[in-house]
Amino acid sequence: MTDVTTTPNGVAKLSTETKHVEADTMLKITIRRFVRHRMAVIGSLIMLGIVIFVIGGAFFYTEREGNTPDPTAPFVAPTLENLYNEAPDIMNTDLPTLLGFVTYEKTVQLLEEAVTHQMITERDRDAILAGTDRTNRFNDKIEDEDLLNKLKIFEGLRLTRVQYGGISNPNFANDTFWISLQRFNPDNIGRLRAQGPNRAVQEFGVSDEIIDARMAYLAEFRELGIDQIMGALDSYAIAETRFEVTQVTLQTEGVFERIAELDPTVIQGLVEKSAQLGLITESQKQDILDGVESASRYNDQIPDGFAPEQIQMLTWIEGLRFYGIWTGNLDRFPVPDRLDLATARNNFPQYSDEQITSLSAFRKEFQDTRVHHVITRLNKVADAEARIEASNTFLARFRHIMGTDQVGRDLFIRMIYGGQISLMIGITSVAISISLGTLVGLIAGYFGGWIGALLMRIVEALLAIPSLILLLLLSNSLSRNSSTLNFLGRELSTTVIVIVLIIGGLGWMGLSRIVRSLVLSLKEQEFVVAAKTLGASNIRIIFKHILPNCIAPIVVSATLGIGGAIITEAYLSFLGFGVQEPTATWGNILNRAQGDIARYWWMWLFPGIFITLTVLSINFIGDGLRDALDPRSLR
């Protein structure tokens, strides 16, 4: 078969095989050029690793694990430690030495100042001085009374929850005294006041005078070294919690004493009625009566002399717990005295009025037997055993490998899911800007005249407005009433869509000018003139003949634009105008680091590294594509 054939009209054309060979050759040349660009190859490998991290990590950890606060583990530094098998000794920590630098009188004075500055209430102060259940746990661990009293005050302050008035910032939802006080560092307040004279007042719901007083209060804390005491208490509480998990058993939770007070016929009746009301199936009821498999793990905890009928009751109650009869089910229904059918219909639309009434009565009956107390304790034992089992796995070693944030959320998991959103924002916003820029450039360049002039004046007017100011204004006005939506099984903040539209809608002007200049040159070429002569429509000429010749700069612009979009989202979120909680992005993880950047270095280090590597690798890839697609680089 010849490479060139002649049509009946006498026009020569390449055979199909020849065209395929030519296309394949050009592809190979382009790939060869790209591979020769060393930095582009390095960027591709880095980007591949980041994509594997953010996508592959989702197969091992759920987003819920990253969004669930753990109040017992705030500001955990990066660690690979498992649960502890030995009780921590407070006297072997730095706390006795640190507390020795502060007098008891000064400690009480700091407590009173917390009330004066409206950080805690007078009732909180009185409770701290009297001693709470949590602070009294130190009574048998420290003999020095002066040291003990100071420790109890600082621990009480550390655990006291702050109630903000007139604001609903989700970042403040779990603030305790010390976490809240650190928000009043000079850098954070200065940043807020730079955004507007009343910005700090709106953020915290208090006057400027109180904000200034709290800043001075924080400075006093740091000058006295109280911040080190709070950090040491955090570390001790984490170690204590990890040890306590390993000590949870049926005996420590008082399960056997509770079961001894119950009647087997009553428990069996609860199982039967659960099946009658449709809370469990008949097969599940029989499984409970025969003994669920999960009950076998209690065999080695049952003490000698525990009666067979009591062992049977333990097995039945474990079955009720295992099938979720009480927790998250019956416990949601109000008792008959508090039942409001109108409200209950909205809360339980799947049930009829008769079913709601029956389940409400059963909840009261279940509660009166006190079986729910045993179920609550069995839940705690099961959760502890699950944590112990999980801590022995390979994946558990990577828990807190990047530390935790202010409310105890694991940074490693949030980096995985935050990376997905950051990359998605970068790709989708660039897709919007590339589409708009290419379309405007094609129309302005091809048609010219008053159409081209009008479009270019619009582009120039938009370019004349500082992009940062425009981004902040639009983001602030459009993101005020954010909510959540379900997208592909994930709960996302609606601000994700807003940020994508803003970045995409403001990033197309530069590309439109590049495409227009190319079209102005291409439309005078012979192949375009020939297409017009043959009667091709304007749309066919634009999209069939001109657009393919503009692909190279468009692809390069798109690649480089993704990095720019990720940076834009990062600084918007860092300033508090980007994607809002609970959706994580690398940008709003950085935002959480503003409380104390020097002390909690891991809060900004890891997202900063990932943002830097991602943008650098994308830029390297863009440079490689630019050189590979440039016909002048043929060698």
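The values are calculated or read from the model by the stated rules, or taken from the named source; none is laboratory data. Only a predicted model underlies this, so the values are computations on that prediction, with no experimental measurement involved. Cβ sites come from the backbone with ideal geometry, for glycine too, and all protein chains shown count toward neighbours. Keep in mind that these areas ignore ligands, DNA and RNA; they rest on the heavy atoms of the full protein, side chains included. Shrake-Rupley method; radii C 1.70, N 1.55, O 1.52, S 1.80 Å.
Under 5 Å between amide hydrogens, which residues at least 5 positions from Thr494 or on another chain qualify, with H placed 1.01 Å from N in the peptide plane?
Under 5 Å from the amide H of Thr494: Ser483, Thr484, Leu485.
Can you tell me the FRET efficiency between Arg599 and Gln310 if r is taken as the Cβ-Cβ distance and R0 is 56 Å, rounded to the nearest 0.05? Please list the in-between numbers first.
Working: r = 52 Å, r/R0 = 0.94.
Calculated transfer efficiency: 0.60.
Can you figure out the FRET efficiency of Ser283 with Lys380, using R₀ = 25 Å and their beta-carbon distance, to the nearest 0.05?
On the way: r = 28 Å, r/R0 = 1.12.
Approximately 0.35, to the nearest 0.05.
Hull surface divided by four, with the convex hull built on the Cα atoms of the range 179-231: how many nm²?
Spelled out: convex hull of the Cα atoms, projected over all directions, averaged, 3.5 nm².
Within the range 102-136, name every residue whose backbone N is under 13 Å away from a label modeled 7 Å from Cα of Asp144 along the Cβ vector.
Of the residues in the range 102-136, 102-104 have backbone N under 13 Å from the label point off Asp144.
What part of the accessible area of the range 361-469, given as a whole %, is carbon or sulfur when the probe is 1.4 angstrom?
Working: 3190 of 4710 Å².
It is 68 percent, rounded to a whole number.
Run down the lysines and flag those whose C-alpha is under 26 Å from the C-alpha of Lys523, throwing out any fewer than 8 positions away in its chain.
Once the sequence-local lysines are set aside, what remains near Lys523 is Lys13, Lys19, Lys532, Lys544.
Using θ = phi - 60° and the Karplus curve 6.51 cos²θ - 1.76 cosθ + 1.60, what whole-Hz ³J(HN,Hα) does each residue of the range 322-332 get, with Gly and Pro shown as x?
Result, rounded to whole Hz: 4, 8, x, 5, 9, 5, x, 9, 5, 5, 7.
Got the relative contact order for the chain handy, in percent, Cα pairs under 8 Å and 6 or more residues apart? Before the final figure, lay out the partial values.
Values: 750 pairs, mean separation 131.0, N = 635.
Computed over the chain, the figure is 21 percent.
Could you please state how large a percent of the accessible area of the range 511-635 is carbon and sulfur, counting protein chains only and using a 1.4 Å probe?
Details: 3740 of 5810 Å².
On the range 511-635, the fraction of accessible area on carbon and sulfur atoms equals 64 percent.
Using a 1.4 Å probe over the heavy atoms of the protein chains, calculate the carbon and sulfur portion of the accessible area of the range 107-162 as a whole percent.
Carbon and sulfur together cover 42 percent of it.
Sort Thr495, Thr533 by heavy-atom solvent-accessible area, probe 1.4 angstrom, most to least.
Thr533, Thr495
With N set to the residue count of the chain, report its C-alpha Rg divided by 2.2 N^0.38 Å to two decimal places.
Working: Rg = 32.9 Å, N = 635, 2.2 N^0.38 = 25.6 Å.
Normalised Cα radius of gyration, the chain: 1.29.
Using heavy-atom solvent-accessible surface (probe 1.4 Å) with all chains present, what is the largest-first order of Ser517, Ser358, Ser180?
These residues rank, largest area first, as Ser517, Ser358, Ser180.
To the nearest 10 degrees, how steeply does helix 145-159 sit against the main Cα axis of the chain, on a 0 to 90 scale?
Long axis of 145-159 versus the principal axis of the chain: about 40 degrees.
Distance in nm between label sites at Leu129 and Glu240, each 7 Å beyond Cα in the beta-carbon direction?
Modelled inter-label distance: 2.3 nm.
Can you list residues whose amide H is under 5 Å from Thr176's amide H, if they're 5+ apart or on another chain and H is modeled 1.01 Å from N?
Under 5 Å from the amide H of Thr176 lie the amide H atoms of Val162, each far enough along the sequence or on another chain.
Restricting to DSSP H runs of at least four residues, report the calculated mean residue ellipticity at 222 nm for the chain, -39500 (n - 2.57) per run over all residues, nearest 500 deg cm²/dmol.
The helix-only estimate for the chain comes to -20000 deg cm²/dmol at 222 nm.
If I model a spin label as a point 7 Å beyond the Cα along the Cα-Cβ vector, how far apart are those points for Ser517 and Arg193 in nm?
Here the answer is 4.6 nm between the modelled labels.
Output the relative contact order of the range 299-441, whole-number percent, from Cα pairs under 8 angstrom with separation of 6+ residues.
So the answer I get is 17 percent.
Within 10 Å, at most 13 other Cβ atoms, and a DSSP state outside H, G, I, E, B define an exposed site. Report the longest part of the chain free of exposed GluC sites (Glu not before Pro).
Segment 262-523 is the longest.
Take the Cβ-Cβ distance between Ile458 and Leu341 as r, set R0 to 51 Å, and report the resulting FRET efficiency rounded to the nearest 0.05.
So the FRET efficiency works out to roughly 0.30.
Rounded if a/c is under 1.5, else prolate if a/b is larger than b/c, else oblate: which is the range 138-296, with a ≥ b ≥ c the root eigenvalues of its Cα gyration tensor?
oblate
Solvent-accessible area per residue for the chain at a 1.4 Å probe radius, Å²?
Spelled out: the 1.4 Å probe surface of the chain, per residue, equals 51 Å².
Output the 0 to 90 degree angle, nearest 10, between the alpha-carbon long axis of helix 16-36 and the longest principal axis computed from the alpha carbons of the chain.
60
Would you please give the residues with an amide H less than 5 Å from that of Val407, counting only those at least 5 places away or on a separate chain, with H modeled from the backbone geometry?
Amide H neighbours of Val407, under 5 Å, 5+ apart: Phe75.
Under 16 Å Cα to Cα from Lys273, which lysines show up? Leave out anything in the same chain fewer than 8 places away.
By straight Cα distance, Lys273 reaches Lys285, Lys364.
Report the percentage of all Cα-Cα pairs in the range 535-635 whose separation exceeds 20 Å, rounded to a whole percent.
Details: 2833 of 5050 pairs.
Pairs farther apart than 20 Å: 56 percent.
In whole Hz, what ³J(HN,Hα) sequence does the range 231-238 give by Karplus (6.51, -1.76, 1.60; θ = phi - 60°), x for Gly and Pro?
After applying 6.51 cos²θ - 1.76 cosθ + 1.60, I find x, 5, 5, 4, 5, 5, 5, 5 Hz.
Helix 551-574 against the longest principal axis of the chain: what's the angle in degrees, Cα atoms only, rounded to the nearest 10?
30
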